Ligand code: UGA
C-alpha cells in the first residue's frame, strides 16, 4: 500500500526522490523552507530543468500521493524521512553540514521515535554514525546515497544501476524498510555499513572526475602527437573494463557535485592520513583544462597563445555546466567566460536554458558578461565563437547565417560538437579539443 515518506529539501535530489517515490506508490510529504517554492510546487510548477519531473509532480498531486509543505509538523506521521539537503563546500574543502544538522535538531522531536532517518544527499564519511548524538538516539539511521545525474535524475531514480543501502547495528531492519521503498524499480540493492555507503558515493564521483581529467589530458597529448582523441577514446571505450561512457573531452568537469565531492574526498583522506594523490592531480588537471581553453581562444583570436584579448568580441555558446540543465553552479563555461571578460574581452553569451532575464549575477559586477536570448546576436561581430556546453540544438543552428554575422570565422569547439559536414561552405575554421586539425 506504500509507505509514509517524508522528504526534506525540494532541490533536484529531494524533488526527484519525492516525485519518483510517489510514482512508485508511496505517500510522500516533501518539506522545504522556501515558501514560494512550496506554493509553486503545490500548483504543479517545477522551476528546475529536469525532464519528466513536472509530469511526475503533477501525477503525484493529482493522485494525492504527493504533498508539499513548509511546516515540519507535517512529517510527524512519517515512517521514513529522507534528508536531501545541501552540503556545500566549506572554506577548507570539507563539506559544511550545518544545514543538515539544523534540520535534524528541528525535526527529531517532531518525528515518531521509530521513524527511520535516511541520508540521501552526499555527506562525509562518518555522518550517519554522528546523527544519533544529534537526535538523542531516537531514530534508526540509514545511508542511501543518490547517484542521480542532473538532466537524467528521473530516469536514474527509476532505473538505477544500483541502490546502495548502508546501516550499522542495530539498524538492519530499518535498512530493509528503506530497501523496500525501491520495489518497482529494476535495481540491484546493495546492503552494507553506513561508512561504506557514504564512501561509495564519494569514490564514484571522484572516479568519474579522474576518468575525465585522464581523458582531457590524453586529448592534450593527442594535439601534440598528431593523434585524434575520438579515435583513441573509441578504442579505449570498446574495452569492457573501461566502458564507452564519460570519455568525451571538454572544457573541464563542473557542476554542483564533482568539484565539491573530489575536494571533500581529499579532505576525508587527508584527515585519515591517506595521500590520495590521483584525485588531487585530477583536480589540478581540471584547473589546467580551463587555462588551456583560454589559450586556445587567444590563439584563435590573435594568432598567438599569449596575444591580448582586450576589446575582442567572443560569442560564447553555452553557459550551463553540461547540456540538459540550466545549472550554472561551478560551471566551467561560466568560469571561462568570466576569465575572458577579466582579460578585457567583450563576451556575449547564449544558452538555451539561461534566459537573459535570469542572468543578473553574470551581467553585473567585476568580469561581467552579456547574456542574450538569441544565438545569432551572440555571434554578431565576434572575433571568435566559443562552444562551451554540448547542447545538441547548437548543431541545428544556421551556421551560414552565423558566419555572415561574425567578424572573424573561427570557432573554438571545446565539446567537439560541430563537424565538417555541418560547417561545409560556411568558411569557418574550427579548433576542437584533442586533434591537431
Ligand atoms: C554527477 C554524477 O555523474 C552522478 O552520478 C551523481 O549522482 C551526481 O554527480 C551527484 O553527486 O549528485 P552531474 O553533476 O549531474 O552528476 O554531472 P555529470 O553528468 O556527471 O557531469 C559532470 C561533468 O563532467 C560536467 O561538467 C560534464 O560536462 C562533464 N563531462 C561528463 C565531460 O566533460 N565529459 C563526459 O564524457 C561526461
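Tabulated results
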quantity	calculated
Computed [θ] at 222 nm, deg cm²/dmol, the chain (DSSP H ≥ 4; -39,500 (n - 2.57); rounded to nearest 500)	-12000 deg cm²/dmol
Mean separation of Cα contacts under 8 Å (6+ apart) over length of the chain, as relative contact order %	12 percent
With eigenvalues of the C-alpha gyration tensor scaled by 5 and rooted, segment 266-339, Å	31, 18, 8
D (Stokes-Einstein, µm²/s), Kirkwood Cα radius, the chain, 1.567 mPa s at 4 °C	56 µm²/s
Normalised alpha carbon radius of gyration of segment 11-58 [divisor 2.2 N^0.38 Å]	1.03
Dimensionless Rg over Rh [segment 85-184; C-alpha; Kirkwood]	0.97
Whether segment 4-192 is rounded, prolate or oblate, judged on the alpha carbon gyration tensor where a/c under 1.5 counts as rounded	rounded
Part-to-part distance (alpha-carbon centres) for segment 30-103 and segment 251-296, which is given in Å	29 Å
Ellipsoid semi-axes in whole angstrom, largest first, where each is sqrt(5λ) of the Cα gyration tensor of segment 205-336	26, 20, 15
DSSP beta bridges in the chain [antiparallel fraction, %, rounded to 5]	5 percent
Mean projected area (nm²) of the alpha-carbon convex hull when segment 1-89 is viewed from all directions	5.6 nm²
With eigenvalues of the C-alpha gyration tensor scaled by 5 and rooted, segment 78-135, Å	21, 10, 10
Cα-based Rg of segment 317-437 normalised by 2.2 N^0.38 Å, two decimals	1.00
Most fluctuating residue given options 114, 166, 243, as computed from a GNM of the chain linking Cα atoms under 10 Å	243
Among 128, 40, 345: highest mean-square fluctuation, GNM of the chain, C-alpha pairs under 10 Å	40
Segment 227-437 pair-distance distribution - Cα-Cα, 5 Å bins, rounded %	1, 7, 14, 19, 19, 16, 11, 7, 4, 1, 1, 0
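Taken together, the values in this text are just the output of simple stated rules run on the coordinates, not laboratory data. It should be emphasised that the depicted structure is a prediction, and the values quoted were computed from it without experimental measurement.
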